[in-house]
Every structure is written in C-alpha cells, then in structure tokens.
Amino acid sequence: PSNKSIGEILSFTDRIPDLVFGNSSELMNAANKKTLSTAIFSVFPGSRLVVATQAEKGALIRYEEEVFSIPAVTVAKKDIIDETGAGDTYMGTMLALLMPTVGKWRKSDLLDAARTASYASSLVIQSMESRLTPPMTKLVMDYNRNL
C-alpha cells in the first residue's frame, strides 16, 4: 500500500472524476479510513457520485452530499455457484444505465441503476459465467424497465 493520498496520486491532473467505483476495501484504503461510512465522505470529496460495493451487503452510494444504501439481491447460499465477476457486473451494469444521462442524474435514476446492477450481479453468481450472457442481459433489461 502506498502512503500517498489520493490527492498526491492524482496531482498530475486538475480533473476530478465525476464518478468513482470501487469495492469497500479499495475505497477505505484509498481514503486511509477504517470504516466505509467514514471513507465514503473523504475519498474523492469533489466527485458527484461514489459507489462502494460490499458483496452480500449491497452497495453504499454517495451522490453529492447524500449517502444511501442499496441492498444486495438475496441469493440462497446453495444457489451461489461462483462469485467471480459480480463486482465488475455491478459496475458495468450501473455505468451502462447511467452513461446516457451523464451530468443529468436524478436520485431516482441512481437508485434504479443500483437496484438493477444488484439484480445483474445476482444472476452472475448463480452461474459459471463471470459476466452477463445475452439471456441474462435480457432479464436485466426487463428488470430495469419494470422499476
């Protein structure tokens, strides 16, 4: 682990990212904090949206100055086949849903994207796939349309 702060690491640019994704460990390490609830406020303080995935605990999201929690879609332990790709699926799904409206996000859009991403991740961990297959993608898009 580096002893440098995020500010020092990113000092080569004056651009602050609007959107930051990471798992809870990554963001706590980046912020040098012991809890996600404190890290979410101090990591990338100028970013509009910070998303921290927490596996079976769901995600913690900071949008501007507000923080909210999105629960994971519950999957019975007996139905979990492989967790590989769940975090990437979450991030990719949420990004795909948010990119068409960059800069015009509403809280409701973020909540729908996060819930859909949680659903997408739940499908991946119930398969031997590390990403969404075309049939899974159709299920995810149907889920999102029904929110």
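Mean-square fluctuations from a GNM of the chain, with a 10 angstrom spring cutoff on Cα atoms, peak among F21, F44, F68 at F68.
Here the range 64-115 is treated with +1 on each Lys and Arg Cβ and -1 on each Asp and Glu Cβ, and its dipole about the Cα centre works out to around 160 debye. With springs only between Cα atoms under 10 Å, which of S108, S37, S47 fluctuates most in a Gaussian network model of the chain? Checking each option, the largest mean-square fluctuation is seen for S108. Normalised by the number of residues in the chain, the mean separation of alpha-carbon contacts (under 8 Å, six or more apart) gives a relative contact order of 18 percent.
Label-to-label distance, V102 versus S47, with points set 7 angstrom from Cα along the beta-carbon direction: 1.5 nm.
Most simply put, the chain has about 65% antiparallel DSSP beta bridges, counting only bridges with both residues inside it. The 1.4 Å probe gives accessible areas that order K104, K33, largest first, as K104, K33.
The local environment of S127, defined by Cβ-Cβ distances under 12 Å, has a net charge of -3 under the rule Lys, Arg +1 and Asp, Glu -1. The C-alpha atoms of the chain define a longest principal axis, and helix 134-145 lies at about 70 degrees to it.
Remark: the chain carries a charge dipole of roughly 180 debye about the Cα centre, counting +1 on each Lys and Arg Cβ and -1 on each Asp and Glu Cβ. Cβ under 13 Å from L60's Cβ, L60 left aside: what net charge do those residues give with Lys, Arg +1 and Asp, Glu -1? Its environment carries a net charge of +1. The 1.4 Å probe gives accessible areas that order E83, E65, largest first, as E65, E83.
The values are calculated or read from the model by the stated rules, or taken from the named source; none is laboratory data. Bear in mind that the values here come from a model prediction, so they are computed numbers and not experimental data. When we count neighbours, we look across all protein chains shown, and the Cβ atoms used for this are built from the backbone with ideal geometry, even at glycine. Note: accessible area is taken over every heavy atom of the protein model, side chains too, but ligands, DNA and RNA are not part of it. Shrake-Rupley method; radii C 1.70, N 1.55, O 1.52, S 1.80 Å.
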